[in-house]
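Visitor: Submitted below is the structure of interest, expressed as structure tokens.
The values are calculated or read from the model by the stated rules, or taken from the named source; none is laboratory data. On a predicted model such as this, the values are computed, not experimentally measured, just so you know. Cβ coordinates were reconstructed from backbone atoms using ideal geometry, including for glycine residues, and neighbour counts include every protein chain displayed.
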Amino acid sequence: MEIREQIDRLDRDQLAELRMYIDDKLDPASTVEQRINYRSGWLQSEYRYTDKGTRRGPYWYFKYVKDGKNHSLYIGGTDNPKSVVDQILASKAG
């Protein structure tokens with residue numbers, strides 16, 4: 001099966017996730033170190049590169065798709081990104 005046929009079978013949320021993934025791959029200023037499925041989205045650790053090529057990070061983000069739109073919450077540099085996401089989402093709900 002060709003890649004275009006596979007893409008044609010994706011729903012709107014899957015296409016939005018694919019777009020985010022492709023954008024991450026094409027962005028030369030950062031690299032994705034890991035992705036972890038969590039809650040209704042995924043945690044993603046990224047390294048950023050300065051103009052001189054110095055690697056910084058990792059920086060954590062919580063990424064998710066809601067109503068067909070991509071969303072990203074900056075978590076920052078932490079050893080426990082799940083806990084930080086839980087705190088942020090709890091504060092938004094309350």
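Visitor: Going by the structure shown, is Gly94 loosely packed, with under 12 Cβ neighbours inside 10 Å, modelled with pLDDT under 95 and on the phi > 0 side of the Ramachandran plot? Quick ask: steps written out before the conclusion?
Guide: On the way: loosely packed, with under 12 Cβ neighbours inside 10 Å: yes; modelled with pLDDT under 95: yes; on the phi > 0 side of the Ramachandran plot: no.
No.
Visitor: Tyr64 fails exactly one of the following numbered conditions: (1) surrounded by 11 or more Cβ atoms within 10 Å (Cβ to Cβ); (2) touching a strand residue (DSSP E or B) at 6+ places or on another chain (Cβ under 9 Å); (3) outside any strand (DSSP E or B). What is the number of that condition?
Guide: That leaves (3) as the condition not met.
Visitor: So, one more: Looking at this structure, is Gly57 on the phi > 0 side of the Ramachandran plot, free of Cβ contacts under 8 Å to residues at least 60 places away in the same chain and not in a strand (DSSP E or B)? First the steps, then the outcome.
Guide: On the way: on the phi > 0 side of the Ramachandran plot: yes; free of Cβ contacts under 8 Å to residues at least 60 places away in the same chain: yes; not in a strand (DSSP E or B): no.
Criteria not met by Gly57.
Visitor: Restricting to region 37-76, count the residues that are under 18 Å from Gln87 (Cα atoms), touching a His at 6+ places or on another chain (Cβ under 9 Å) and of a type outside the set (Ser, Thr, Tyr).
Guide: Looking only at that region, the number is 3.
Visitor: Being farther than 17 Å from Ile36 by Cβ and in contact with a helix residue (DSSP H, G or I) (Cβ under 7 Å, 6 or more places away or on another chain) is the filter here; which residues of region 70-94 pass it?
Guide: Asn70
Visitor: Looking only at residues that are part of a loop (DSSP other than H, G, I, E, B) and modelled with pLDDT of 90 or more in region 1-45, which one is farthest from Ser72 (Cα to Cα)?
Guide: That would be Glu2.
Visitor: Follow-up question, since we're still on this one. If we keep just the residues of region 46-74 that are among the polar types (S, T, N, Q) and modelled with pLDDT under 90, which is farthest from Leu18 (Cα to Cα)?
Guide: Within region 46-74, the subset among the polar types (S, T, N, Q) is 50, 54, 70, 72.
If we keep only those that are modelled with pLDDT under 90 too, we end up with 50, 54.
Numbers: Thr50: 26, Thr54: 28 Å.
Looking at the filtered set, the residue picked out is Thr54.
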